[in-house]
1. Examine region 84-97 for a residue that is out of contact with any Leu (no Cβ under 9 Å at 6 or more places or on another chain), under 18 Å from Ile173 (Cβ atoms) and basic (Lys, Arg), and state whether such a residue exists.
2. Do we find that Val100 is within 19 Å of Pro6 (Cβ to Cβ) and of a type in the set (A, V, I, L, M, F, W, C) in this structure?
3. Just for region 102-129: of the residues that are part of a strand (DSSP E or B) and farther than 30 Å from Glu152 by Cα, which one is least open to solvent (accessible area, probe 1.4 Å)?
4. Say we look at region 57-72 and pick out the residues that are open to solvent by 20 Å² or more (accessible area, probe 1.4 Å) and not in a loop (DSSP other than H, G, I, E, B); which of these is farthest from Val40 (Cα to Cα)?
5. Considering region 138-161 alone, what residues qualify as being closer than 26 Å to Thr83 by Cα and either among the polar types (S, T, N, Q) or surrounded by 12 or more Cβ atoms within 10 Å (Cβ to Cβ) (or both)?
6. Inspect region 22-44 for any residue being touching a Gly at 6+ places or on another chain (Cβ under 7 Å), open to solvent by less than 20 Å² (accessible area, probe 1.4 Å) and hydrophobic (A, V, I, L, M, F, W, C) and give the result as yes or no.
7. Name the residue that is nearest to Arg98 (Cα to Cα), counting only residues in region 170-185 that are assigned to a loop (DSSP other than H, G, I, E, B) and at pLDDT 90 or above.
8. For region 45-56: of the residues being surrounded by 15 or more Cβ atoms within 10 Å (Cβ to Cβ) and either of a type in the set (D, E, K, R) or under 30 Å from Arg98 (Cα atoms) (or both), which is nearest to the chain's Cα centre (by Cα)?
Amino acid sequence: MKVLIPIDVNAAVLVSTSIAPDTRPAWASGTNYAQGAECVYGTRAYERLAAGAGTKPPPEDTNAWLDIGPINSHAMFDDVIGTVSTGASPLTIVLRPRGVSSVGFIGAKGREVRVQLTDREGEGAQTVVDRRVSLDATPIFSVYDWFFKDFEPLEDFVVTGLPEHYRSGLLTITITSTTGEASVG
């Protein structure tokens with residue numbers, strides 16, 4: 001058994017993502033919101049339970065605001081199994097993890113995942129790890145299986161053996177789908 005210690009993916013760790021930005025407005029103190037209005041505070045979305053204005057942020061004003069979940073670009077990092085981030089293929093996530101030995105995926109959808117780690121950021125950076133994982137887990141034991149077996153996706157897996165001592169590098173994850181959008185939890 002291998003235990004993966006999670007890292008907190010915050011603004012310092014998440015460098016960029018190809019997921020479209022959330023179009024809901026950011027919460028603003030003192031703004032008058034209608035019942036059912038939605039806004040974003042930090043990396044989460046909230047819905048107004050009753051019309052009105054307030055100066056307390058939504059997480060501190062649970063009588064007026066309902067937490068409806070993470071925004072799409074951060075759903076994959078919310079520590080809840082079942083919430084996924086979805087985006088156009090190829091879906092790309094760039095992280096500055098400050099040393100990582102493994103990356104776990106839950107609910108990945110697409111055709112292939114590519115994990116790349118560089119030795120440092122910026123000009124002159126070199127790729128030290130470049131791994132590809134096919135998301136086709138269909139067991140093929142015969143010619144009949146090749147032609148007639150139903151597709152079985154690989155959705156949950158771990159990429160291990162990353163050299164943890166590259167603390168200045170960037171981790172780039174690319175999920176490619178042949179049809180539709182790609183997603184990951």
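The values are calculated or read from the model by the stated rules, or taken from the named source; none is laboratory data. Source: prediction; values computed, not measured. Note that each Cβ is placed from the backbone with ideal geometry, even for glycine, and that neighbours are counted across all protein chains shown. Accessible surface is based on the protein model in full, side chains and every heavy atom, while ligands, DNA and RNA are left aside. Shrake-Rupley method; radii C 1.70, N 1.55, O 1.52, S 1.80 Å.
1. No; the residues of region 84-97 include none that is out of contact with any Leu (no Cβ under 9 Å at 6 or more places or on another chain), under 18 Å from Ile173 (Cβ atoms) and basic (Lys, Arg).
2. Values: within 19 Å of Pro6 (Cβ to Cβ): yes; of a type in the set (A, V, I, L, M, F, W, C): yes.
Criteria met by Val100.
3. Once the filter is applied, the top-ranked residue is Thr118.
4. Glu60
5. Thr138, Pro153, Leu154, Glu155, Asp156, Phe157, Val158, Val159, Thr160
6. Scanning region 22-44, I find no residue that is touching a Gly at 6+ places or on another chain (Cβ under 7 Å), open to solvent by less than 20 Å² (accessible area, probe 1.4 Å) and hydrophobic (A, V, I, L, M, F, W, C), so the answer is no.
7. Going through region 170-185, the residues assigned to a loop (DSSP other than H, G, I, E, B) turn out to be 170, 177-181, 185.
If we keep only those that are at pLDDT 90 or above too, we end up with 170, 177, 181.
Values: Leu170: 8, Ser177: 29, Glu181: 29 Å.
So, considering only residues that are assigned to a loop (DSSP other than H, G, I, E, B) and at pLDDT 90 or above, the one nearest to Arg98 (Cα to Cα) is Leu170.
8. Top of the filtered list is Ala45.
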